[in-house]
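*Asks:* Mind having a look at this structure? Questions to follow.
Values in this text are rule-based calculations from the coordinates and carry no lab data. None of the values given here were measured: they were computed from a predicted structure. For neighbour counting, all protein chains shown are included, and Cβ atoms are generated from backbone atoms with ideal geometry for every residue, glycine included.
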């Protein structure tokens, strides 16, 4: 019960961030852009996947990306809580707004329940990955992950490997797409692929566990 209380307390940080920082405006701009692109270029499933993934990265940058945010984690650990509870609460604060953005985008583009589920999976998995990365490396990791997901996240790795001369950079990118949070794979959730769901759950759990380990290192002695 204490775990849930502590996680909920950390999650509540999202509300002032949505209204008093650039997060709310950034998510609105992202959703508007994706809906516009769905009319001209993107298919609706890709747009909802990007809403979940890119929205989670924007949330991570605002919720744990600043030096003051990471310093607050040390203060939180002086209270009767655990690093896992803090990480879980921060992950919820990161993942739930882009999940709502996914619903809004899907409603604007023509509702498809499978696409919404895929967007939820992307928000959860990418949110966990981004949380761990930003805690370790700062907002530079958020920028790199945002660009990677926006440019190559939905490309199947086989499309890069099958090139005549893929090169080391393309092979590395293909490996990252294959092993990391995989938007190209999560789009199969729209058609009921259980393996894609398990992949998203695995990255969500791994991200939270890694984040809790990084937070625990900040515990004052």
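*Asks:* Once the Cα atoms of helix 194-216 and of the chain are each reduced to a long axis, what angle between those two axes, in degrees from 0 to 90 to the nearest 10, is obtained?
*Replies:* Approximately 30 degrees, to the nearest 10.
*Asks:* Still on this structure: Quick one: 134, 197, 116, fewest Cβ neighbours within 10 Å first, how do they rank?
*Replies:* Working: 134 27, 197 16, 116 22.
So the residues, fewest neighbours to most, are 197, 116, 134.
*Asks:* Further, regarding this structure: Quick one: which of 31-41, 87-97, 121-131 comes out on top by average Cβ neighbours within 10 Å, and what's the full order, highest first? Please report the intermediate quantities before stating the final value.
*Replies:* Numbers: 31-41: 15.3, 87-97: 25.6, 121-131: 30.7.
Those peptides, ordered most packed to least, come out 121-131, 87-97, 31-41.
*Asks:* Express in nm, to one decimal, how much length is gained between residue 206 and residue 71 on full extension, taking 0.36 nm for each residue of separation and deducting their alpha carbon distance. All intermediate terms of the calculation are to be shown ahead of the outcome.
*Replies:* Working: separation 135, 0.36 × 135 = 48.60 nm, distance 2.29 nm.
Fully extending the segment from residue 206 to residue 71 adds 46.3 nm.
*Asks:* Label residue 41 and residue 198 with points 7 Å out from Cα along Cα→Cβ: what is the distance between them in nm?
*Replies:* 3.6
*Asks:* With each run of n ≥ 4 DSSP H residues scored as -39500 (n - 2.57), what mean residue ellipticity at 222 nm is computed for the chain after dividing by its residue count and rounding to the nearest 500 deg cm²/dmol? Intermediate values should be presented prior to the final figure.
*Replies:* Values: 12 runs with 176 residues, N = 221.
Taking each H run of at least 4 residues, the total per residue is -26000 deg cm²/dmol.
*Asks:* State the label only: which of (1) 120; (2) 153; (3) 102 corresponds to volume of the Cα convex hull per residue in Å³ computed from the shown model?
*Replies:* (1)
*Asks:* Additional query: Exposure proxy check: 10, 62 ranked by fewest other beta carbons within 10 Å? Walk me through the numbers on the way to the answer.
*Replies:* Values: 10 22, 62 25.
Ordered from fewest to most neighbouring Cβ atoms within 10 Å, 10, 62 come out as 10, 62.
*Asks:* Can you give the angle from 0 to 90° between the axis of helix 139-152 and the longest principal axis of the chain, with both taken from C-alpha atoms, to the nearest 10?
*Replies:* Around 20 degrees separate the two axes.
*Asks:* Quick check: the angle from helix 167-179's long axis to the longest principal axis of the chain, C-alpha only, nearest 10 degrees?
*Replies:* So the helix axis and the longest Cα principal axis differ by about 60 degrees.
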